[in-house]
Structure formats: structure tokens, C-alpha cells
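Engineer: Just passing along the structure, written as C-alpha cells.
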Amino acid sequence: MFAVLKTGGKQYKVQSGDVLKIEKLAADAGETVQFNDVLMLGGEATVIGAPFVEGAAVQAEVVDQIRGEKLIHFVKRRRKHSSQRTKGHRQYLTLVRITDILAEGGDKTGVKAALGAGSAVAVAAAPAAAAAAPKKAAKAKAAPAAAGADDLKALSGVGPALEKKLLEAGVTSFAQIAAWTDADIAEMDEKLSFKGRIQREGWVEQAKELAK
């Protein structure tokens with residue numbers, strides 16, 4: 001039996017015993033986590049989700065938290081006042097071993113859901129409404145009821161498309177963005193191909209104000 005699951009914005013075809021390198025999860029080595037976004041089940045019978053297979057889940061053991069190989073990002077602008085920039089980046093990853101594929105009952109196991117590292121921070125840092133806050137800040141902090149996330153479109157230059165990219169990467173609150181370090185900015189810039197937009201638009205400074 002195999003399953004196709006979705007995590008970190010990517011899809012993986014897995015079987016019991018497979019070892020995967022995936023986007024970093026908020027879990028320690030030795031923990032068991034469960035992927036609930038199962039797109040397809042295959043075996044004796046094939047079940048295709050719409051978009052997910054109801055009740056299906058994939059359980060895995062966290063083997064280790066690792067980093068990927070180093071990638072070099074080089075930018076050169078051929079102009080009269082030319083400039084060039086070189087940055088190195090190593091992606092944070094989680095190594096997991098698939099232990100079980102559940103065709104049903106996944107919502108009743110009680111096993112910890114596999115969440116991205118950014119998602120765990122967002123859950124812990126839910127924004128508090130302030131009665132005397134400016135109207136703009138209050139509107140920005142109003143989270144969609146279904147997603148439980150801040151309205152990231154309040155950031156300069158962020159439209160529906162960029163907001164979708166951030167949410168898929170596990171970034172759901174202004175508090176997360178406000179806490180980004182230079183290394184985090186470089187990681188997100190490389191991961192989501194923002195091409196320096198984060199620093200150029202001043203997202204971190206904006207997020208600090210919006211998260212107050």
C-alpha cells in the first residue's frame with residue numbers, strides 16, 4: 001500500500017519504511033507525527049481525495065533534524081553602477097521514517113499532527129485584540145475564522161499570491177515575521193524566490209508594528 005501526502009508545499013509518494021527529507025517540522029527526534037493531508041491511497045484499490053482522502057493519514061517517526069547541502073545564490077546587475085552579491089544557504093530539514101499508512105480513522109488516533117516549524121510558533125503566539133489600537137492595525141490582526149491566520153496582505157507588496165506562498169510555508173502571523181533573523185530572511189528569500197522583497201519592503205519592521 002502506498003500514499004501520496006502533502007507537506008511543506010510539496011507532495012511525496014510513500015510506503016511503510018520509506019525515509020524522507022522534508023521541510024522542517026516542529027518535532028523532536030524520536031517523536032511520532034501524523035500527516036493528515038493525504039491526496040491519494042493506492043494498493044488493491046485506488047482512492048483519490050477531493051482534495052484529501054477523508055479519514056486517511058500517514059504516521060512517521062522523526063529520525064533527526066538536519067540541514068540540506070549548501071546552495072550558493074549569486075546575483076549580478078550589469079549596469080553602469082554594477083553590483084553583485086553572493087549568499088550561501090542551507091535549508092533546515094527533518095528526516096522522517098514512514099511507519100504506518102491508515103486508510104481510515106486517522107482523525108481518531110490522537111497522534112501529534114505534523115506541523116511546520118513556523119506553524120507551531122503561530123499557534124503559540126495568537127494575536128490579542130486591543131481596544132485602543134489603530135483601525136489599520138485592528139484590521140490587519142483580524143484573522144480569517146477558518147484558517148486562524150493574520151491577514152498578511154496588510155504587509156507592503158503582499159497580495160493574494162504572495163500570501164498563499166507564505167501560508168504554505170507555515171508563516172501565518174505577524175509575530176513570526178517580526179521575529180525573523182537575517183538567517184531566517186535569507187532562508188525565506190531563497191525558499192520562496194522573493195528576490196530581496198522582504199528587506200526591500202521592510203516586512204520585519206511592518207510586522208513588529210502590526211503585531212503589537
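Rule-based calculations on the coordinates, nothing more; no lab input. A quick note: this is a predicted structure, and the numbers were derived from the prediction, not measured. Note: ideal-geometry Cβ built from the backbone for every residue, glycine included; neighbour counts use all protein chains shown.
Engineer: Show me the three semi-axes of the equivalent ellipsoid for region 2-115, from the C-alpha gyration tensor (sqrt of 5 times each eigenvalue), largest first, rounded to whole Å.
Structural biologist: For region 2-115, the ellipsoid semi-axes come out as 36, 17, 11 Å.
Engineer: Ok, one more. Rounded to whole Å, give me the distance from the Cα center of region 1-53 to that of region 160-178.
Structural biologist: Centre-to-centre (Cα) distance: 22 Å.
Engineer: Let me ask another. Within 15 Å, Cβ to Cβ, of residue 61, how many net charges do the neighbouring residues add up to if Lys/Arg are +1 and Asp/Glu are -1? Walk me through the intermediate numbers first.
Structural biologist: On the way: positive: 21, 97, 112; negative: 18, 28, 31, 64, 100.
The answer is -2.
Engineer: Here is a follow-up. Can you pull out the GluC sites (Glu not before Pro) in region 1-101 whose DSSP state is coil and whose Cβ has at most 10 other Cβ atoms within 10 Å?
Structural biologist: 44, 69
Engineer: Pull out the extension gain between residue 103 and residue 195, defined as 0.36 nm times the separation in residues minus the alpha carbon to alpha carbon distance; nm, one decimal.
Structural biologist: Length gained between residue 103 and residue 195: 29.0 nm.
Engineer: Which of these, 46, 172, 32, has the largest mean-square fluctuation under a Gaussian network model of the chain (Cα springs below 10 Å)?
Structural biologist: Result for the chain, Cα springs under 10 Å: 46 fluctuates most.
Engineer: Still on this structure, I have one more. Just one of (i) 1.02; (ii) 1.05; (iii) 1.08 is Rg/Rh (Cα atoms, Kirkwood Rh) as worked out from the coordinates here. Which one is it?
Structural biologist: The calculated read-out lines up with (i).
Engineer: So if each residue of separation counts as 0.36 nm, and I subtract the Cα-Cα distance between residue 84 and residue 162, what length gain in nm does that give?
Structural biologist: Length difference between fully extended and current span is 25.5 nm.
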